[in-house]
Structure formats: C-alpha cells, structure tokens
Amino acid sequence: MLGLGEMGSAIAKTFVDRGYRTTVWNRTASKSAPLAEVGATVAATAAEAVAASPLVVVCLLDGPAVDAVLGSVDAAVAGKVLVNLTSGSPAQARTNESWARERGAEYVDGKIMGDPPYVGTPNIMFPFSGSPSAFKAHEPTLQVLGTIAYHGEDAGLAAVEFMGQVAVAYELLIGFLHTLKLVQAEGVDVAEFAERIAGSIGAFPPLLSSMGKAVKSGDFPPDLGSLDVQAALMDDMISHRESVGVEAVRMREVKKLMDRRIAEGHGDQGFSSLFALLAK
Ligand code: NDP
C-alpha cells in the first residue's frame with residue numbers, strides 16, 4: 001500500500017483487518033506507525049513496498065504525487081498488478097496504464113466514492129477499469145474495500161464514472177442551494193423544506209432512466225411536459241427568483257436553451273431534448 005493519508009490508511013487497515021499480509025509505505029514515515037501497530041509491515045522505500053507483494057495499491061493526493069512515487073519505483077513494478085485509487089482524470093489513468101505496461105506491469109484504475117470511515121463496508125463505491133485479467137485475479141481482495149464495479153478494459157472508464165457521478169451530485173446540490181435561498185427568502189423554514197424534498201426525490205429515478213433512454217435513442221418524448229408549456233413556467237420561475245433577490249442565472253440558461261429548441265421547431269418535445277444543444 002503506497003500512501004497512508006486519511007484514505008490510504010483506512011484502506012491499509014481494512015486489508016490488515018481482513019487478514020491480508022500488508023506492506024505499507026508513506027512519504028512521511030510517522031504515518032506508518034498506527035498500521036505497524038495493527039500488524040502491517042513498514043517498508044523504508046516505495047520500491048521496497050512494491051517488491052513485497054504481487055498487488056500494489058496506490059492512494060495518494062493527486063496525479064503529481066502518483067508521478068513522483070511511481071517515478072521512484074520505476075522498474076521494481078515489473079510483474080506486479082498496480083491498482084491506483086488516486087482521484088484523477090481519464091487521461092491520467094490512460095497515461096498511468098501506458099507507464100505500467102511499458103514496465104511489464106498490469107494496471108487497474110480505481111476511484112473512490114465515499115469517505116474513509118466507510119472503507120470496508122458496502123456504503124462506499126469503487127468503480128474500476130483497466131486490465132481485465134488483473135482485475136479478475138484480485139477481485140476478491142478489492143471486494144473487501146466496499147461495493148466494487150468493473151467498467152471495462154479502457155483504463156479511463158473508472159474516472160469517467162467518477163467524474164460523471166460527482167458532477168451529477170454537484171449540479172444537483174448547487175440547484176438545491178439556490179432553491180433553499182428562494183424558500184428562505186419567502187419566509188419558509190428551510191430545514192423542513194429540505195425534509196420534504198428528501199421525501200419527494202424518490203420520484204426522480206424513473207425520470208432519470210427514461211431521460212437516459214431518450215438521450216441514447218435521440219427520440220425525445222414530452223418529459224416534464226412539452227417545451228412550449230415549460231418555457232412559460234420558466235419565465236415565472238425566473239421572475240419569482242428576481243422578485244425576492246435570488247440568483248437566477250441557471251434558470252435563465254435553461255430558458256435560453258428552451259427558446260432555441262422551440263425556435264428550431266421542437267416545442268412539442270420535452271426537457272430531455274435540451275441535450276441536443278449541449279455540445280460546445
Ligand atoms: P490525504 O491528504 O490525507 O493524504 C495524501 C497522501 O498523499 C499522503 O500519503 C501524502 O503523503 C501523499 N502525498 C502527497 N503528495 C505527495 C508527493 N509529492 N509524494 C509522495 N506522497 C505524496 O488525502 P486522502 O488520503 O484523503 O486522499 C487520497 C486520495 O483519495 C485522493 O486522491 C482523494 O481525492 C481520494 N479520496 C479521498 C476521500 C476522502 O474523503 N479523504 C474520498 C474519496 C476519494 P504525506 O503523508 O507524506 O503528506
């Protein structure tokens with residue numbers, strides 16, 4: 001295990017707890033002490049840690065940290081399976097995959113969706129991609145970390161899944177915060193409103209599935225009603241926000257897309273049809 005920050009330590013501890021012989025290394029050596037106490041072997045260098053096991057798990061801060069540590073390991077990685085759980089882009093994963101292949105190692109990229117205390121429980125998700133044979137060989141070991149899924153041979157696919165899932169969360173939550181501002185501006189209790197939203201959000205999964213199918217097929221039904229009707233509602237939503245001094249930039253953006261789609265003769269289609277306008 002290379003990297004014993006918050007996440008790396010939780011991962012290493014889980015491997016030790018589940019009975020895996022685990023060798024750890026961290027740039028700041030003092031962080032190895034709690035792992036040594038529970039039974040991990042501490043390596044003096046990253047290369048020494050890599051030499052100790054067939055499976056090498058990396059969890060460092062970011063891409064430059066991975067480059068620095070793998071640079072110090074270099075040829076010692078030959079014959080190993082390298083599983084990199086550091087956050088980063090699909091392009092970084094593909095570059096790491098080439099780096100490993102050139103040195104005779106198999107590469108699996110993984111991403112982490114959840115917090116360190118959940119490592120070792122089903123409540124944290126790990127998408128993986130890269131070498132299918134390496135993933136298969138070490139699947140039982142990786143499974144002890146949480147809920148795992150394999151997304152395909154292209155090493156970048158785990159990062160695509162991670163970036164997509166994180167993006168949906170941020171897009172949703174910034175919209176939620178804007179709405180809380182609006183509700184609060186109208187004198188409504190925001191905590192109670194949030195509870196009601198938590199109750200009604202269960203209606204979304206079927207909508208997401210049908211929108212996914214519409215986007216894939218390019219055949220856009222009038223989901224959420226036709227754009228002709230929705231555009232009028234959007235005007236109300238924008239003026240409501242403006243009337244209570246709440247930022248309406250995102251709603252104006254949506255309205256602009258609706259107007260363009262209607263002008264192109266698609267006013268009978270639904271919200272999912274805005275997808276057709278999203279290429280830059
Ligand atoms: P920490 O900041 O706790 O740890 C960072 C780790 O990276 C430490 O081991 C640090 O070593 C090492 N590091 C940083 N720069 C270098 C470098 N130049 N050379 C060598 N080692 C370096 O981060 P986390 O453990 O929390 O996060 C690790 C990864 O997990 C990140 O990619 C993060 O995005 C991801 N992740 C974290 C989550 C979380 O909640 N913590 C959730 C989901 C993903 P040193 O101790 O010497 O500083």
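The values are calculated or read from the model by the stated rules, or taken from the named source; none is laboratory data. These numbers come from a predicted model, not from an experiment. As a convention, Cβ positions derive from the backbone with ideal geometry for all residues, glycine included, and neighbour counts pool all protein chains shown. These accessible areas exclude ligands, DNA and RNA; they are computed on the full protein's heavy atoms, side chains included. Shrake-Rupley method; radii C 1.70, N 1.55, O 1.52, S 1.80 Å.
Could you name the lysines in cross-link range of residue 255, using Cα to Cα under 24 Å and dropping any fewer than eight places away on the same chain?
Of all the lysines, those that pass the test against residue 255 - Cα under 24 Å, at least 8 places apart if same chain - are 181, 213, 216, 280.
Is there a quick way to get the dipole size of the chain? I mean about its Cα centre, with the Cβ of Lys and Arg at +1 and of Asp and Glu at -1; what is the value in debye to the nearest 20? All intermediate terms of the calculation are to be shown ahead of the outcome.
Numbers: 23 positive and 32 negative charges, 125 e Å.
With Lys and Arg at +1 and Asp and Glu at -1, about 600 debye.
Could you tell me what percent of the accessible area of the chain is made up of carbon and sulfur, with a 1.4 Å probe and every protein chain present? Mind showing how you got there, number by number?
On the way: 8820 of 14780 Å².
Carbon plus sulfur share of accessible area: 60 percent.
Using the Karplus curve 6.51 cos²θ - 1.76 cosθ + 1.60 with θ = phi - 60°, work out ³J(HN,Hα) for each residue of the range 8-19 in order, rounded to whole Hz, and write x for Gly and Pro.
x, 5, 5, 5, 4, 4, 5, 4, 4, 4, 8, x
Please give every one of the lysines within straight-line cross-link reach of residue 111, meaning a C-alpha to C-alpha distance under 21 Å, and leave out same-chain neighbours fewer than 8 residues apart.
The reachable lysines, counting only those whose Cα sits under 21 Å from residue 111, are 13, 80, 136.
With a 10 Å radius around each residue's Cβ, average the other Cβ atoms per peptide and rank 183-189, 223-229, highest first. Provide the component values of the computation, followed by the final result.
Details: 183-189: 12.6, 223-229: 16.1.
In decreasing order of mean packing, 183-189, 223-229 become 223-229, 183-189.
Under a 1.4 Å probe, what is the accessible area of the range 202-280 per residue, stated in Å²?
For the range 202-280, the per-residue accessible area is 62 Å².
Helix 132-143 against the longest principal axis of the chain: what's the angle in degrees, Cα atoms only, rounded to the nearest 10?
Computed tilt is about 90 degrees.
Pull out a ≥ b ≥ c, the square roots of the eigenvalues of the alpha-carbon gyration tensor of the chain, then state rounded if a/c is under 1.5, prolate if not and a/b is larger than b/c, and oblate in the remaining case. Please report the intermediate quantities before stating the final value.
Numbers: a/c = 2.88, a/b = 2.06, b/c = 1.40.
Prolate.
If you average the sequence gap of Cα pairs under 8 Å that are 6 or more apart and divide by the length of the chain, what percent do you get for the contact order?
Details: 426 pairs, mean separation 32.9, N = 280.
Relative CO of the chain lands at 12 percent.
Please tell me the relative contact order of the range 1-145 in percent, rounded to the nearest whole number, where contacts are Cα pairs under 8 Å and at least six residues apart. Intermediate values should be presented prior to the final figure.
On the way: 251 pairs, mean separation 30.8, N = 145.
Relative contact order here is 21 percent.
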